[in-house]
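The following block contains the structure, expressed as structure tokens.
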Amino acid sequence: MNDQATHVLLIEDNPGDADLVRLRLVEGQSPVDVNCVDRLSDGLASLGQQRPSVVLLDLNLPDSQGAETFRKVLDKAPGVPIVILSGQDDVGLAMKALHQGVQDYLLKNTLTSAGLDRAMRYAVERQALLRSLDMSRKQQLEFKNQFLSHVSHELRTPLTCIHQFVTILLDGLAGAVTPEQSDHLKTILKSVNQLGAMVRDLLEASRAESGKIRVEPRCVSIGDLIHAAVAMMQAAAHEKGVGLEVGVDTTLPFVHGDPDRILEVLINLIDNAIKFTPAGGAVTVQACSVPADPGFVYISVADTGCGIVPEAKALIFERLYQDPNAIDNNRKGLGLGLFIAKELVGLHGGRMWVASEPGQGSTFSFTLPLYSLAKLLFPVITYQGCLREAIVLLRVDLRPRSRSARGNWKDTCQRCLEILQRCVYLDKDLVLPAMPTTGSEQTYLVVASTDLARVEIMKTRTREQLEKIASVKDTAELDLSAAAVTLPDPASNQSLEEQVQEVANRVTEMARFAQTPKQNSE
């Protein structure tokens, strides 16, 4: 293949076949350096130590048989060309191997030095070409993303300017406008908002493809997020004459996700469903658990719209794709919403799919992982193989003063969380992820391995530290309270893991109740 010796890894357990391959390699025109092993495990170990130019692979080895053999080699060294040497003339297996990344499939009983040399040379060249094409594709994608990102950023400034001046005119701040002029200005404003949404989608899609989107998972109630999304889309549904319904299992546990990103996914799916559903139709948002997949919550948005043809279903989540048969006068955008939504779900560790038939509506579904409080609590509430004697749930409520005139409330809440995390004992206490509450009040919960008497010391220390923050002292009101967590009956025959899970369930219920803001006594 070149003047330098080609390093060949031969994985073959039959000594006669191994000697035959060595002979054919020596007879070839290219100098070779052969390393022969008789087990797949030894071959994989060799791949980890030295990268060969090509792998010659027998499929039937003492520790691996058939297609699983080349899959393991591909997983271990995806960039190394593989040529299979087989005693079986199996067309189906050969095609499967080629489709999954193997470069060639040769029969041992027809092996010649020229054929083997040619197969190895072509395998190396094809693998190099694939690497070059992949690198070129990545460079083109990076250039496209940079271009789109640059153009999108440049468009935002003039769009913001147009939006501001049109708003000034509509509000009459630059003089009175006639009803006809007002209608024209509203049309301009609507178009500017639509273009602004497209620019945001372009930026978000570019971040998604370059891996720059970040999610900040928290302990959240999927039911609350669904009701919030439906409330936000209710006006659009009412305007079109489409019913918008919710069906959520009230016993669902918390999910582990970024509430802002999940809300973005829900709004996108509900918005699409409304647009593709005719007047008199209905859109239903549901959430439930599935016994076959206990680690996830299933969320779906179903509509009674036009449905999706089979050809479009395979492409519906592609970037910039729009089904030409489904687009109507009300459908505007770049075809990025579903692409972004699927990327966001994937970043949470979930998946998204669609079920649809033409004329029978569509159901878009996605999964989100459950928040496993038991795993977080186990090292905190157990000691020397037993549950701790007492556990308390400490609640810290942070409310803005009604007439606070300065300070950034979001920054204040974040600062309080950081202080609270420093006030606890890491091996005995756990600050639960912040949960969204209605209004501006923020509630923090701490699972503390102590009793109600000793927790008073903790409350005092926490209050003192929080009140040292100037923004808290000037703009917020603090309220600290505590409640004992009922522990499992020691006489029960539960394992330690079962006891921790029971405590986690009770803490979850107390946390769910704590999401309801306390009534102000004023």
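The values are calculated or read from the model by the stated rules, or taken from the named source; none is laboratory data. Bear in mind that the values here come from a model prediction, so they are computed numbers and not experimental data. Note: ideal-geometry Cβ built from the backbone for every residue, glycine included; neighbour counts use all protein chains shown. The protein model used for the area step is the full one, side chains on, heavy atoms only, and it has no ligands, DNA or RNA in it. Shrake-Rupley method; radii C 1.70, N 1.55, O 1.52, S 1.80 Å.
Take LEU252 and tell me if it is at pLDDT 90 or above and either touching a helix residue (DSSP H, G or I) at 6+ places or on another chain (Cβ under 8 Å) or farther than 20 Å from SER289 by Cα (or both).
The answer is no for LEU252.
Report, by residue number, each residue of segment 248-260 that is open to solvent by 30 Å² or more (accessible area, probe 1.4 Å) and either touching a strand residue (DSSP E or B) at 6+ places or on another chain (Cβ under 8 Å) or closer than 28 Å to PRO278 by Cα (or both).
Matches in segment 248-260: VAL248, ASP249, PRO253, HIS256.
I'd like the full set of residues that are modelled with pLDDT under 70 and either open to solvent by 40 Å² or more (accessible area, probe 1.4 Å) or of a type in the set (Gly, Ala, Ser) (or both), limited to segment 317-331.
LEU320, TYR321, GLN322, PRO324, ASN325, ALA326, ILE327, ASP328, ASN329, ASN330, ARG331
I'm checking my understanding of the structure. Among residues of segment 285-316 that are under 19 Å from ASP249 (Cα atoms) and among the hydroxyl-bearing types (Ser, Thr, Tyr), which one is most open to solvent (accessible area, probe 1.4 Å)?
Looking at residues that are under 19 Å from ASP249 (Cα atoms) and among the hydroxyl-bearing types (Ser, Thr, Tyr), I get SER289.
Among the numbered criteria (1) charged (D, E, K, R); (2) at pLDDT 80 or above; (3) within 29 Å of ASP258 (Cβ to Cβ); (4) open to solvent by 10 Å² or more (accessible area, probe 1.4 Å), which single criterion is violated by GLU389?
Every condition holds for GLU389 apart from (3).
In segment 361-382, what residues are surrounded by fewer than 14 Cβ atoms within 10 Å (Cβ to Cβ) and in contact (Cβ under 8 Å) with a residue 40 or more places away in the chain?
The one that is surrounded by fewer than 14 Cβ atoms within 10 Å (Cβ to Cβ) and in contact (Cβ under 8 Å) with a residue 40 or more places away in the chain: PRO379.
Pairs please, first residue from segment 475-503 and among the charged types (D, E, K, R), second anywhere and open to solvent by less than 40 Å² (accessible area, probe 1.4 Å), Cβ atoms under 6 Å, 6+ apart in sequence or on different chains.
The qualifying pairs are ASP479/ASP397; GLU502/PRO488.
Residues are listed down the side, and each one gets a yes or a no for (1) of a type in the set (Asp, Glu); (2) buried (at least 16 other Cβ atoms within 10 Å of the Cβ):
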| residue | (1), (2) |
| --- | --- |
| ARG71 | no, yes |
| LEU74 | no, yes |
| VAL80 | no, yes |
| ASP89 | yes, no |
| LEU93 | no, yes |
| THR112 | no, no |
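Let me ask something else. Considering only segment 269-284, how many residues are open to solvent by 40 Å² or more (accessible area, probe 1.4 Å), in contact with a helix residue (DSSP H, G or I) (Cβ under 8 Å, 6 or more places away or on another chain) and not charged (D, E, K, R)?
So the answer is 1.
Filter segment 272-292 for residues that are more than 21 Å from the chain's Cα centre (by Cα) and in a helix (DSSP H, G or I) and give the result.
Across segment 272-292, the qualifying residues are ALA273, ILE274, LYS275.
Identify, from the list ALA287, ALA236, ALA302, the residue that is over 25 Å from GLU509 (Cα atoms) and in contact with an Asp or Glu (Cβ under 8 Å, 6 or more places away or on another chain).
When all the criteria are applied, what remains is ALA236.
Could you please let me know if VAL503 is modelled with pLDDT under 90 and either within 11 Å of ARG395 (Cβ to Cβ) or open to solvent by less than 30 Å² (accessible area, probe 1.4 Å) (or both)?
Judged against the criteria, VAL503 is not a match.
For segment 453-479, which positions are modelled with pLDDT of 85 or more and exposed (fewer than 12 other Cβ atoms within 10 Å of the Cβ)?
Correct list: ALA453, ILE457, THR460, GLU464.
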